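Written below as structure tokens is the structure these notes are about.
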Amino acid sequence: MASMAAAFIKPSNAFPHSPITFIKTTSPSIKLPISLRIKNNAHRRIRVSCGLIDPDGGKLVDLIVDESMRAFKNREALSLPRVKLSRIDLQWVHVLSEGWASPLSGFMRESEFLQTLHFNSLRLHDGSVVNMSVPIVLAIDDAVKTRIGASSKVALFGSDDRLVAILNDIEIYKQPKEERIARTWGTTAPGLPYVDEAIKNAGNWLIGGDLEVIEPIKYHDGLDSFRLSPAQLRNEFISRNADAVFAFQLRNPVHNGHALLMNDTRRRLLDMGYTNPILLLNPLGGYTKADDVPLHWRIKQHQKVLEDGVLDPETTVVSIFPSPMHYAGPTEVQWHAKARINAGANFYIVGRDPAGMGHPTEKRDLYDPDHGKKVLSMAPGLERLNILPFKVAAYDKTQGKMAFFDPSRPQDFLFISGTKMRTLARNKENPPDGFMCPGGWSVLVEYYESLVPANNGSIPKPEAVAA
């Protein structure tokens, strides 16, 4: 089966050079940039330029070595101290190499690390500020630090001993683990998934520098065709003649409540006067905790949602966001939003407790459910991004479908939590009609059936997502 990314590409149709004038009806729940805010009158002519939002720093970073230089860089790496990358380290190399973290040019040096921890932003040479809320760092231990010695460069190798990148003009500094954890998660309680996976047992030193990535990062897992870089996404939006791009991130299967929100957002943008808003459905593809549905199954489920017409393939781009997941609530949601600016999105849908999770040791939410959207509306460096607050959707028993919650008749609504959804799927029970498209639900049931190991002890991956 051809990938959605490939199947949905249309012939190129460049944006007009001059702005187009629309009559726009503003919605008070949509935060517009200052230049587009309308005072007094609900209807007024404004001019909208049919171009994509600029990346942070004004230029999309590309850290991939030119093909003509790759043989030279491979030879150079032979003489350099080696640093071995973990799976999560490689995912961060991927993120950096394609410009998701623009204007970062590599793993953070200490000044960038401290700005991120204390200010959730970076100040550029011209005095401007861009958002950066999570550290993108590379840890090393004492033995590796000693081996590096006085070298100004190191070679980064993957777990298969293949050269991945060269890190130049390096700086090695102490990793303050407790401070990093406390400031990123707001707690040092045991059981934080990313901390256990990537920080607790990592080295006590961080190494920063400028990256030269030898070739584009590929995983050879049947999903590489879904992994569009920010530059490729921008080209795709241009080819579709998009005059607005709204992004929706999720790490779960898409149910009809999600689809209602995304389709309603497009309707609202059309009502404002945009002629072709495009949805970037951008599921997280890096590290996730063990009880999340794996990426292969989520992509297969997303395919069914599009095949069943719950979302329109003509106005939807499905692409994997390669970042690892921190589960750091209001701190991390800023990173998710900032990265989508670099991919070309100028609208961002934010939900209840975005990027959050339950407290690791207590029976409560780790973060206030409303703080994510409030923080996004105030975060330094995100002023150019239009924040679209998540409307609460639930199953309306009177209509037999997902609908926006009406507080005047709460008895008519059924809230189906993620835990309830997973329990139904595990037990092969069907949710109420209209909760999820039948094809998508079948994929979810199939996933939980697959958790029974095969004879060789492995859990099979779905075949439908293979390129």
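The values are calculated or read from the model by the stated rules, or taken from the named source; none is laboratory data. This structure is a prediction, so every number in the text was calculated from the model and none was measured. Note that we place each Cβ from the backbone using ideal geometry, even for glycine, and neighbour counts take in every protein chain shown. Accessible surface areas use protein heavy atoms only, side chains included; no ligands, DNA or RNA. Shrake-Rupley method; radii C 1.70, N 1.55, O 1.52, S 1.80 Å.
Across segment 241-254, computed HN-Hα scalar couplings (Karplus, 6.51 cos²θ - 1.76 cosθ + 1.60, θ = phi - 60°) run 6, 5, 10, 7, 10, 10, 9, 9, 9, 8, 10, 10, x, 8 Hz from first to last residue, x flagging Gly and Pro. The charge dipole of the chain, taken about the Cα centre with unit charges on the Cβ atoms of Lys, Arg (+1) and Asp, Glu (-1), comes to about 980 debye, rounded to the nearest 20.
In this simple spin-label model, placing a label point 7 Å from the Cα along the Cα-to-Cβ direction at both Asp312 and Val452 gives a separation of 4.3 nm.
Neighbours of Asp412 by Cβ distance under 13 Å: Lys/Arg scored +1, Asp/Glu scored -1, total +1.
Of the peptides 133-142, 395-404, the order by per-residue mean of other Cβ atoms within 10 Å, starting with the highest, comes out as 133-142, 395-404.
Solvent-accessible surface of the chain, averaged per residue with a 1.4 angstrom probe and all protein chains in place: 45 square angstrom. In the structure shown, the pairs Lys289/Lys338; Lys153/Lys200; Lys218/Lys401 are assessed against 29 Å; a Cα-Cα span above that value is assigned to Lys218/Lys401. Potential lengthening of the chain between Asp271 and Thr361 amounts to 27.8 nm, from the contour at 0.36 nm per residue minus the alpha-carbon distance. Measuring nothing but protein heavy atoms, the accessible surface of the chain at 1.4 Å probe radius is 51 percent carbon and sulfur. Each Lys and Arg adds +1 at its Cβ and each Asp and Glu adds -1 at its Cβ; summed about the Cα centre, segment 295-381 shows a dipole of about 180 debye. Based on alpha-carbon centroids, what's the gap between segment 175-227 and segment 61-99 in Å, whole number please? Segment 175-227 and segment 61-99 have Cα centres spaced 16 Å from each other.
Measuring from label point to label point, each 7 Å out along Cα→Cβ, what is the Phe119 to Glu76 span in nm? Placing both labels 7 Å beyond Cα along the Cβ direction yields 3.1 nm.
Positive end of the dipole of the chain, charges at C-beta (+1 Lys, Arg; -1 Asp, Glu), about the Cα centre: which of Leu192, Gln91, Pro330 has its Cα farthest in that direction? So the residue furthest toward the plus end is Pro330.
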